[in-house]
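Take a look at the structure set out below.
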């Protein structure tokens, strides 16, 4: 049986989360922002292990290397069930940039399990918590933004996050609108509706600057568009779950659409499929 999910994918600043949240409200469904969970895992790693560039973590309970992982995680390691090691050692991992991490991907997963990092349904939205604390603001910090793509590219981390998302949806009695970059291709390939949002680089840059409250001038637009292009390149060429539209996804170019217009389009698609 197909999950009661609407999958909304697309590149950075294409309007995924805003659209998904509004569509969920219109349909009286729940909303799950997968990017928030990746950010929560990144925050947990930074606070409990430290920055890969050598800055220590701020967690008062010592580093994760000083802790024993949860029994279940250790048992999976011993059975080799964490999958996709690809020669990566437990005490270090080399990212796509060739930079050496002071931790391995399994260590990050162990931290996420032990704290724990979890999705919690609050009202009609799933929010990430770390050790029982709402981290909605902390995960938007610059230090997390700077590292999240790197950690999200790790196979073991993606597998762990995907499991959390699927379990959250299964526990929820109603429908869920999920947004991300691989929701329709990897996480919920059987979703009855998949939408892939796009927009021109210039429009995406303008939206990102407006979201930050920054001045929208030609120089800043050019700089932001270049940053988004670099993110697109990294997301679409990574070895694990690269950014791409599912073969059966409806592509929606939102360059000239208002938020209300793009929400209306997705809601109409959902109702055509008798969802909501």
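Modelled this way, with points 7 Å down the Cα-to-C-beta line, the labels at residue 274 and residue 230 are 4.9 nm from one another.
Taking the number of Cβ atoms within 10 Å of each Cβ as an exposure proxy, the fewest-first ranking of 16, 4 is 4, 16. Counting other Cβ atoms within 10 Å as a rough exposure proxy, the listed residues 170, 193, 269, 154 run 170, 269, 193, 154 from fewest neighbours to most. What residues from segment 194-229 fall in the zone where the backbone N is under 20 Å from a label point 7 Å along the Cα-to-C-beta line of residue 264? Once the point is set 7 Å along Cα→Cβ of residue 264, 195-199 turn out to lie under 20 Å by backbone N, inside segment 194-229. Going by the alpha-carbon gyration tensor, a ≥ b ≥ c the square roots of its eigenvalues, is segment 124-163 rounded (a/c under 1.5) or, if a/c is not under 1.5, prolate (a/b greater than b/c) versus oblate? It is oblate, given that a/c is not under 1.5 and a/b is not larger than b/c. Using the Cβ-Cβ distance between residue 247 and residue 200 with R0 set to 30 Å, the FRET efficiency works out to roughly 0.80.
From the Kirkwood radius over Cα pairs of segment 236-276, Stokes-Einstein at 25 °C and 0.890 mPa s returns a whole-number translational diffusion coefficient of 200 µm²/s. For the pair residue 222 and residue 121 in one chain, pulling the backbone fully straight at 0.36 nm per residue adds 32.5 nm over the alpha carbon distance. Neighbour counts of C-beta atoms inside 10 Å place 159, 31 in the sequence 159, 31, starting with the fewest. Annotation for segment 149-204 versus segment 223-245: alpha-carbon center distance of 16 Å.
Each reported figure results from applying straightforward, stated rules to the coordinates on display, with no laboratory input. Just so it is clear, the structure is predicted and the values come from calculations on it, not from any experiment. For neighbour counting, all protein chains shown are included, and Cβ atoms are generated from backbone atoms with ideal geometry for every residue, glycine included.
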